[in-house]
Structure formats: structure tokens, C-alpha cells
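Here's the structure, in C-alpha cells; my notes come after.
The values are calculated or read from the model by the stated rules, or taken from the named source; none is laboratory data. None of the values given here were measured: they were computed from a predicted structure. Quick reminder, even Gly has a Cβ in these numbers, built from the backbone with ideal geometry, and neighbours come from all protein chains shown. Please note that ligands, DNA and RNA were not included when accessible areas were found on the heavy atoms of the full protein model with its side chains. Shrake-Rupley method; radii C 1.70, N 1.55, O 1.52, S 1.80 Å.
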Amino acid sequence: MLKTACLATLGALSLSACAATGAATPLADGSDVALGQRAMVDGPIVQPVEILEDSRCPMNARCVWAGRVRVKMIWWRGNGEKQPFEVTLGESTPLADGAIRLESVRPEKRTDVRLKPEDYRFSFRFDGGI
């Protein structure tokens, strides 16, 4: 009986340790961020929420214009407040005490494949601070 009680206590303690560890999942960095995923980008916590435009020239086509990508974002401020903003591929956007830049969008656009929102991955860089 005592042996069973000791084993039950040991099992409960090990499970509680697992639960506590799983609750503190670190945020992704800004190198491979999916729509809806929060990431810490060299300070600010941001979240891409919607593709506003993806007019990139498909990699298997010839185009007169390279096109662009615009993404609706949320900046999660330190006080928990959410502030919406927009980024455009290759352009700097003022944010906090600096500027955030959408550096790349994956996968490449193609004429024979229709991209779904969950296919997109983004890379961001933040330049700022004192």
C-alpha cells in the first residue's frame, strides 16, 4: 500500500512538472513566421494576420512588373494592447522606436499552384532602439 502511494505521488509530481514546462512556450523569432503566429522580432512582438495583396510575378512567368506583397499585422505592445499596422515586402515601416521590414515571403508564387493562406511564411527584421 505504501509502495503504491509513493509511486502515485512520484507520478503526479512528474506530470505537474511537464505541465508547467509546456505552458511557457517561447515565441518564434522573425525568420519563419506563419499567418496568425506571434513572433519576437529583435524586440517588438508582431503577428501577421492577413495577406492584403500578393501581386508578385510568378517564378515561372515573365512580367513587366515584379509585383508586391502587403500584409496586415498586429503589434503586441508591452501593456497588452494590440496595434494594427501594414507592411510591404522590401519596405521599412515605422514601429515602436525603429522600423520593421518584411524581408522575404515564401513560397515563391507560381502560375500552376494556388497559394493558400496557411502556405505563407514571412521573415522580418527590426532596426531600432537606442
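Quick notes
- Within the stretch 44-67, tally of residues that are surrounded by 15 or more Cβ atoms within 10 Å (Cβ to Cβ) and basic (Lys, Arg): 1
- As for the stretch 51-70, it holds no residue that is farther than 15 Å from Ser123 by Cα, aromatic (Phe, Trp, Tyr) and at pLDDT 95 or above.
- Annotation: of all residues in the stretch 103-130 being among the hydroxyl-bearing types (Ser, Thr, Tyr) and in a strand (DSSP E or B), the one that is farthest from Pro44 (Cα to Cα) is Ser104.
- Residue within the stretch 108-117 that is open to solvent by less than 70 Å² (accessible area, probe 1.4 Å) and in contact with a Leu (Cβ under 7 Å, 6 or more places away or on another chain) present: yes
- Candidates Glu103, Glu108, Glu86, filtered to the one that is under 16 Å from Leu35 (Cβ atoms) and in contact (Cβ under 8 Å) with a residue 12 or more places away in the chain: Glu86
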